[in-house]
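Colleague: Just passing along the structure, written as structure tokens.
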Amino acid sequence: MQLRRTAPAAVTALTLALGLAGATTAAARQTADERTAVRQAPTAPAARGAQLADARPGDVLKSAPTSFHPLPGQVTNTRAWHIEYRSTDAKGAPDVVSGTVIVPKDGRTGPRPLVSYAVGTVGLADSCAPSAGFPYGTTVEANLIQQLTARGWAVAVTDYEGLGTPGEHTYSVGRSEGQAVLDAARAAQRLPEAAAAGVTKDSPVGLMGYSQGGQASGWAAELHDSYAPELKLRGTAAGGVPADLIDVADFNDGNIGAGLILMAAIGQDAAFPELDLAKYLNAKGRFYVDFLKKNCVAIDVAAGLFKKISDVTVRNPLSEADWQRRVHESDLGGHRPDAPVYLYHGTLDELIPYTEGTRLRARWCGRGGTVQWSPLLLSEHVGGAVAGAVPAANWLADRFAGRPADGNCR
């Protein structure tokens, strides 16, 4: 029954992802300068070390003009810059993260709202990074981002740690993701070209993300008061949030999201090499790890459909104490967000169970948070991203306008 109900949703998700990801012929219509901006050679290790030694979290280390196209060749009235900025990894060490800052080309110079937008799962290869697809109209969530720029808001989009910069993507590692989201907002405010268009330290800031992006924005919400308190955070809109990764892995073992379990294990291992994922893998597992690192999410999910953890391991790392401790460090709900939260989740979510949302709501409400909970009736995972986007943006618009948020915890 479970497989029959969820398979059509999986097809929908893969069709959406593959349909947009396959539109790379638009690259031929881009200028040479745009292609160079996105595919800049990475900074040499010695120079990068010198940059980091003097940099604050959120400082821009490199920037170049790029362009923002929701679909191949689609024109938007925006300016965009590809950036590399200083952030902090899960162990507290400085790192370099790439991303994109997008600002409406509307003549506005006063402080405008800024949304730090966290995308959902894109994959593990550098070519999957959101910034790599924006010039060509192949980044899946660009249409949702365009809805924000159409409101006159600036948007900063992180690529997360290890996508578009040296090293491996620390996929599913909450602290690394949350810090990258907050530092993307700082970087946007410190980019001179964006500042001239109204993105300043006085800009009201919102956080927004769904799925992996919901985890990242949720972590950013929890970290704001300790990590980036100077940001004028007005609220966070987070949807489809995987609040407990062990629970999500148990739900997807042998299900349509099975490939995401191994991707998450790769991300945890990238952040914490002492976990030594390799010693748990069998030959099939080693093959899939290599495959997943070279491809993006649509192909990765298709390759992993209905596999079980036992198919790719000699023993399950998630049963080990060190793995459980590290993975649970990415759980959400342990700290009260200091700004209001709009939390939404599809009642028929086939990848991240609905109970993930209800439990996170209970944790944040129990800690005194202001939470507006919005269940999306009859929505599965991808459908929830689309159905929840406009209400979430409307909620952020109210926060930017200074309207109070009471939440519905009671």
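Colleague: Roughly what % of Cα-Cα distances in region 219-260 sit above 14 Å, to the whole percent? Provide the component values of the computation, followed by the final result.
Modeller: On the way: 522 of 861 pairs.
Percent of Cα pairs beyond 14 Å in region 219-260: 61.
Colleague: Measure off, as a whole percent, the carbon and sulfur share of the 1.4 Å-probe accessible area of the chain, all protein chains present. Intermediate values should be presented prior to the final figure.
Modeller: Working: 8690 of 15670 Å².
Percent of accessible area from carbon and sulfur atoms in the chain: 55.
Colleague: Still on this structure, please answer the following. Using the Karplus equation 6.51 cos²θ - 1.76 cosθ + 1.60 (θ = phi - 60°), what ³J(HN,Hα) coupling, rounded to whole Hz, does each residue of region 230-242 give in order, writing x for Gly and Pro?
Modeller: 6, 5, 7, 6, 9, x, 10, 10, 10, x, x, 7, x
Colleague: Restricting the count to DSSP beta bridges whose residues both fall in the chain, what percent are antiparallel, rounded to a multiple of 5? Present the calculation step by step, with values, prior to reporting the outcome.
Modeller: Numbers: 23 of 49 bridges.
Roughly 45 percent of the DSSP beta bridges within the chain come out antiparallel.
Colleague: In addition: Considering just Cα atoms, how many Å³ per residue does the convex hull of region 147-207 enclose?
Modeller: Normalising the Cα hull of region 147-207 by residue number yields 104 Å³.
Colleague: Additional query: Over the chain, average the accessible area per residue using a 1.4 Å probe and give it in Å², no decimals. Please list the in-between numbers first.
Modeller: Values: 15670 Å² over 410 residues.
Accessible area per residue: 38 Å².
Colleague: Mind jotting down the distance between the C-alpha centroids of region 370-410 and region 289-318, whole Å?
Modeller: 33 Å
Colleague: My understanding is that a pair violates if its Cα-Cα distance is over 24 Å; which of 279/308; 91/308; 91/284; 91/307; 91/279 do that in this structure?
Modeller: Values: 279/308 18 Å; 91/308 30 Å; 91/284 31 Å; 91/307 31 Å; 91/279 22 Å.
Those over the limit are 91/308; 91/284; 91/307.
Colleague: Residue 105: which lysines have alpha carbons under 24 Å from its alpha carbon, excluding same-chain residues fewer than 8 sequence positions away?
Modeller: Answer for residue 105, where 24 Å is the Cα cut-off: 62, 201, 232, listed by chain and number.
Colleague: Can you give the calculated 222 nm mean residue ellipticity of the chain, where each DSSP H run of n ≥ 4 adds -39,500 (n - 2.57) and the sum is split over every residue, rounded to the nearest 500 deg cm²/dmol?
Modeller: The helix contribution divided over the chain gives -12500 deg cm²/dmol.
Colleague: Another question about this same structure. Please report the orientation-averaged projected area of region 212-361, defined via the convex hull of its C-alpha atoms, in nm². Mind dumping the intermediate values first?
Modeller: Values: hull surface 37.1 nm².
Averaged projected hull area, Cα only: 9.3 nm².
Colleague: Mind checking which aspartates and glutamates have their C-alpha under 12 Å from residue 294, skipping anything on the same chain fewer than 8 residues away?
Modeller: Partners found: 126, 168.
Colleague: For region 156-242, which trypsin sites (Lys or Arg not before Pro) are in a loop by DSSP, counting at most 14 other Cβ atoms within 10 Å? If you can, show how the numbers build up before the last one.
Modeller: Details: sites: 175, 186, 190, 201, 232, 234; in loops: 201.
Passing both the DSSP loop test and the Cβ count: 201.
Colleague: Here are some values of Kirkwood radius over Cα pairs in Å: [x] 22.3; [y] 21.0; [z] 23.8. Which one was computed from this structure?
Modeller: [y]
Colleague: Any idea what Rg and Dmax come out to for region 347-410 if you just take the C-alpha atoms, in Å?
Modeller: 12.8, 36
Colleague: Assuming 1.002 mPa s and 20 °C, estimate D for region 113-237 with Stokes-Einstein, Rh taken as the Kirkwood radius over Cα pairs, in µm²/s.
Modeller: Values: Rh = 14.3 Å.
Translational diffusion coefficient: 149 µm²/s.
The values are calculated or read from the model by the stated rules, or taken from the named source; none is laboratory data. Computed from a predicted model, the values in this text were never measured in an experiment. Please note: Cβ atoms are built from the backbone with ideal geometry, for glycine as well, and neighbour counts cover all protein chains shown. Side chains included, ligands, DNA and RNA excluded: accessible areas come from the protein's heavy atoms. Shrake-Rupley method; radii C 1.70, N 1.55, O 1.52, S 1.80 Å.
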